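Visitor: The structure's right below; bear with me while I get my questions together.
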Amino acid sequence: MVFGSIKNSELYFPLSGRISRALKFLRETDLTKMPEGRHDIEGDKIFALINNYTTKNADGAYPEAHSIYTDIQYVVEGSELIGFAPYNNQRIQTGYNKEKDIVFYDAPVSFCRLEAGMFMILFPGELHMPGISAEREEGVKKVVIKVLLEK
């Protein structure tokens, strides 16, 4: 897991070419004007999912993980908490959905607060629980960039 400000994102360009291109997309694109939905950057290798939603209470939420995609979660407007936990043989809550590349776990998490201009990189297998309210529910505009593992 990597947690930081988009202003310092060049520090993470060496992680991979695809992650570098995804972070550059976040830095160079006016995301405030982009509509919700999927926006291809490099087809299924790198694509952005733009969402507007209201944060929720953590009660009843479960952390998720992915097998083939790295998530770069970037807050455009608003703020939220994202729960995080390293994988450590936690109990599976729901089975793996291959089509959506997602599995949910029953596991405790630690929280990081993401505010506008901040991002979190979550690699395959790292458990995360996004969209959680900090002090109160609030509206958030967020981009999740899906980056296919490079081989």
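The values are calculated or read from the model by the stated rules, or taken from the named source; none is laboratory data. Bear in mind the structure is a predicted one, so any value in this text is a computation, not a measurement. FYI the Cβ positions are ideal-geometry reconstructions off the backbone, even for glycines, and counts take in every protein chain you see.
Visitor: Does region 77-86 hold any residues that are surrounded by fewer than 21 Cβ atoms within 10 Å (Cβ to Cβ) and among the hydrophobic types (A, V, I, L, M, F, W, C), and which are they?
Guide: 81, 84, 85
Visitor: Would you say residue 83 is modelled with pLDDT of 95 or more, at positive phi and assigned to a strand (DSSP E or B)?
Guide: Spelling it out, it is not the case that residue 83 is modelled with pLDDT of 95 or more, at positive phi and assigned to a strand (DSSP E or B).
Visitor: Just the residues that are farther than 29 Å from residue 33 by Cα and surrounded by fewer than 19 Cβ atoms within 10 Å (Cβ to Cβ), please, taken from region 47-67.
Guide: 58, 59, 60, 61, 62, 67, listed by residue number.
Visitor: Here's a follow-up. Looking at region 89-120, which of the residues that are free of Cβ contacts under 8 Å to residues at least 24 places away in the same chain and in contact with a strand residue (DSSP E or B) (Cβ under 9 Å, 6 or more places away or on another chain) is surrounded by the most Cβ atoms within 10 Å (Cβ to Cβ)?
Guide: The qualifying residue surrounded by the most Cβ atoms within 10 Å (Cβ to Cβ) is 92.
Visitor: Give region 133-151 a look and list any residue that's farther than 19 Å from residue 78 by Cα and either in contact with a helix residue (DSSP H, G or I) (Cβ under 8 Å, 6 or more places away or on another chain) or part of a strand (DSSP E or B) (or both), or say none.
Guide: Once the filter is applied, which keeps residues that are farther than 19 Å from residue 78 by Cα and either in contact with a helix residue (DSSP H, G or I) (Cβ under 8 Å, 6 or more places away or on another chain) or part of a strand (DSSP E or B) (or both), region 133-151 yields 146, 147, 148, 150.
Visitor: Okay, moving on. With the condition kept exactly as written, say whether any residue in region 121-132 is assigned to a strand (DSSP E or B) and either of a type in the set (S, T, N, Q) or without any contact (Cβ under 8 Å) to a residue 40 or more places away in the chain (or both).
Guide: no
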